[in-house]
Amino acid sequence: MKANRIAVFASGRGSNFQALVEAQRKGLLGAEIRLLVCDKPEAPVVELAKAADVDVFVFQPKAYASKEAYEREIVTELDRRDVDLLVLAGYMRLLSPSFVETYSGRIVNIHPSLLPAFPGKDAIGQAIEYGVKMTGVTVHFVDGGMDTGPVIAQRAVEVREGDDAAALAERIHEVEQKLYYEVVSWFAEGRVSLNGRHVTIADKVQEVEH
Ligand code: GAR
């Protein structure tokens, strides 16, 4: 699957969004960020998008009668910009089954643990609480469940003695910011394929000099 016109969905700080913007600026993303979708008007990520000249669709879920109602507007905004990959980066809202179905195989998410361990909220706090020695980052396709879709890439991060959630989060975020743009670039190069639950990343085609 080849995709290079992306929309980023985010709800908060936007460090992953910003890393994608910077990768695009440096020519490392291979894709164009056409839209930020945000469900929190006051989120810092909205200002980051404006500063980067990225179109923003920001909405208040409470102002709509239903999830389907605001998702219809999201679809209109995505269609208008011909978006072909939806990149969730700290979007803290479940998408409806029909939305996921519409974009099946075209929605990816980043999660701060080695899934299937510690799905859902506060994955970093859950890892500290559990006492694991190793956690990490997962990029996966989004399916109808909570952090259950096919895994595209994972990176391990060691939990050090004395780590609290903030210390561990700092190292996890660093890894996320390097991994996410790389995964998006794989889509841009058409290297990602999905077969059931299994994702394969084709080797990069080397340019041959004549
Ligand atoms: C990231 O750590 C991301 O993995 C996490 O939210 C954070 C957003 O940070 N996502 C989830 O927990 C999804 N279940 P950011 O706004 O600075 O990119």
Determine, yes or no, whether Ala19 is within 13 Å of the ligand (Cβ to nearest atom), at pLDDT 95 or above and touching a Gly at 6+ places or on another chain (Cβ under 7 Å). no
Considering Val132, Val108, Val151, which residue is of a type outside the set (Phe, Trp, Tyr) and surrounded by 21 or more Cβ atoms within 10 Å (Cβ to Cβ)? Val108
What number of residues within the stretch 11-63 satisfy the criterion of being closer than 15 Å to Leu179 by Cα and hydroxyl-bearing (Ser, Thr, Tyr)? 1
Cβ-Cβ under 6 Å pairs, at least 6 apart or on other chains, the stretch 62-78 side within 11 Å of Phe99 (Cβ to Cβ) and surrounded by 11 or more Cβ atoms within 10 Å (Cβ to Cβ), far side modelled with pLDDT of 95 or more and among the aromatic types (Phe, Trp, Tyr): Tyr70/Phe59; Tyr70/Tyr64; Glu71/Phe99
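The values are calculated or read from the model by the stated rules, or taken from the named source; none is laboratory data. Treat the numbers as computed from the prediction; the structure is a model and nothing was measured. Because the Cβ atoms are built from the backbone with ideal geometry, glycine has one as well, and the counts that use them run over all protein chains shown.
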